[in-house]
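The values are calculated or read from the model by the stated rules, or taken from the named source; none is laboratory data. A quick note: this is a predicted structure, and the numbers were derived from the prediction, not measured. Positions of Cβ are backbone-derived with ideal geometry, glycine not excepted, and every protein chain shown enters the neighbour counts.
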């Protein structure tokens, strides 16, 4: 049994209070921040630091994540609150419908190919058996191991939203053309994957003993009570508002309503949907990897409802000092309703709306980013 919870109890308590105040709008000129070098995925990690069996043996994933938490606490003093994450890539739900997942050495599990060749084939899909199908039983094994061997909170596995899952099952051309040619079939598919996702999240919460309206965290960021789910909606960036309104928003709302409220994630810029997002009753936060585009992040914060928290969460920008100076000094993004997370990767980072390969040193970059964010955060 690890002792992370006991060793950093007071530090975690203070961090949780800051996040609660940020989500409640009580922090008017300050924000919590995380410089996260304890990523549960392996993308962007040095291969020699990825243990063999990470995606095959729960004890290996558990050990690596706990060691990462210890290293984080030793290196940086931010508002990080740890939770164990049974990560199996982004294709767990679609795998339960029958999609193929590849386990590639020293890489995150990858969804490969599509399952449906046309929208007419939607009729052959069936609700997955959560105890038997795809990667779900594998995830369940990890959830149970983490729960039995640690006092650290356990989160649900990576949660791809209805749109992402639908696209994984039938591909971009089939789904997007289907929105024009077979709208009833697209709605049928979205209904099915939404209901399956709700059932899958509920089962995971039952196993780990997590209330329906609580969530251990969102991609490394602590989430206060009253928000029960986060999910990825990356393909929102390429959809026009009229299609997003008809085929995506109703299902996202249903998913968030089932868990008392939710957080939506996407990488890039989906600001064309600001008006639609503002109408969503159960949307509590947006987790945006802006790809070092400070202006789009600023426009999102300025356009979105003030009670919706913006989590400015990305891999550490290559030019991180310039990025944060632009965001806070030139653009003067409001601190109220803001959370900032910088995900350190030794091998990649964003610049000019794309990720680039590089090599940088954790012991240098992480403390520097902490100092920069502390200067702007106005918190202890």
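A few remarks follow.
- Residue within region 351-360 that is part of a helix (DSSP H, G or I) and either modelled with pLDDT under 95 or under 28 Å from residue 90 (Cα atoms) (or both) present: no
- In summary, residue 341 fulfils each of the numbered conditions (1) within 20 Å of residue 234 (Cα to Cα); (2) in a helix (DSSP H, G or I); (3) out of contact with any helix residue (DSSP H, G or I) (no Cβ under 8 Å at 6 or more places or on another chain) with the single exception of condition (2).
- Total residues in region 206-237, condition under 24 Å from residue 41 (Cα atoms), more than 17 Å from the chain's Cα centre (by Cα) and either in contact (Cβ under 8 Å) with a residue 12 or more places away in the chain or surrounded by 23 or more Cβ atoms within 10 Å (Cβ to Cβ) (or both): 4
- Residue list for region 125-145, restricted to those being in contact (Cβ under 8 Å) with a residue 40 or more places away in the chain and out of contact with any helix residue (DSSP H, G or I) (no Cβ under 8 Å at 6 or more places or on another chain): 138
- All positions within region 252-269 that are surrounded by 20 or more Cβ atoms within 10 Å (Cβ to Cβ) and farther than 19 Å from residue 288 by Cβ: 258, 259
- Matching helices (runs of 4 or more DSSP H) fully within region 1-76 where at least 3 residues are farther than 14 Å from residue 87 by Cβ and without any contact (Cβ under 8 Å) to a residue 40 or more places away in the chain: 9-23, 58-75
- Of 327, 297, all but one fail to be modelled with pLDDT of 95 or more, in contact with a strand residue (DSSP E or B) (Cβ under 7 Å, 6 or more places away or on another chain), part of a helix (DSSP H, G or I) and under 30 Å from residue 362 (Cα atoms); the exception is 297.
- Within the set 108, 158, 129, the sole residue that is surrounded by 19 or more Cβ atoms within 10 Å (Cβ to Cβ) and over 30 Å from residue 241 (Cβ atoms) turns out to be 108.
- Here is the figure for region 272-295: residues that are closer than 18 Å to residue 350 by Cβ and either without any contact (Cβ under 8 Å) to a residue 12 or more places away in the chain or surrounded by fewer than 17 Cβ atoms within 10 Å (Cβ to Cβ) (or both) total 1.
- Residue among 151, 174 that is closer than 30 Å to residue 113 by Cβ and in contact with a helix residue (DSSP H, G or I) (Cβ under 9 Å, 6 or more places away or on another chain): 174
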